[in-house]
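Values quoted throughout were computed directly from the atomic coordinates according to the rules given, and no laboratory measurement underlies them. None of the values given here were measured: they were computed from a predicted structure. Positions of Cβ are backbone-derived with ideal geometry, glycine not excepted, and every protein chain shown enters the neighbour counts.
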Amino acid sequence: MTDGRQRRAVRGSRAYASGVDAEALACAALEREGWAVLGRRLRTAAGEVDAVAERDGLVAFLEVKHRPTLSDAAYALSARQRERLLAAAEILLAENPGWGRAGVRFDVLLVDAAGAVRRIADAFRRYA
């Protein structure tokens, strides 16, 4: 492996581990708020959903963004990622017809370098 490839591989594995840690922090924060995490890193043909949580019949599809600051994390969700999450949610809802009896929403969980977690509830919607 060339030096460039090795550096990219190391950066990639660090980013992956950092993302997994951020998702664990985000899910723990949700559970403290009374949410039940239904799944993490759910893969579909449309892409991966970081987590799905439920509380009182309301299902939230969650995208976790980890950056040095919460404001950096807040700006990290692209339009393409939103579309992927919406498409993946449709697949998961079809596979799990009991989900979302009281509604469905899309939340973004922001995690900073210090491990602080903030949620943007109902962060975006699909418009017809």
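Distance between the pseudo-spin-label points of Glu83 and Phe124 (7 Å out from Cα toward the beta carbon): 1.0 nm. Simple point charges give the picture: +1 on the Cβ of Lys and Arg, -1 on the Cβ of Asp and Glu, and for the chain a dipole about the Cα centre of about 440 debye. For the range 80-119, the direction-averaged projected area of the alpha-carbon convex hull comes to 3.8 nm². Each DSSP beta bridge with both residues in the range 3-120 is either parallel or antiparallel, and the antiparallel ones are about 65%. If the range 3-120 were replaced by its equivalent ellipsoid, with semi-axes equal to the square roots of 5 times the Cα gyration tensor eigenvalues, what would those be, largest first, whole Å? In descending order the semi-axes read 26, 17, 12 Å. Helix 79-95 versus the longest principal axis of the chain: what angle, 0 to 90°, nearest 10, using Cα atoms? Here the helix axis deviates by roughly 50 degrees.
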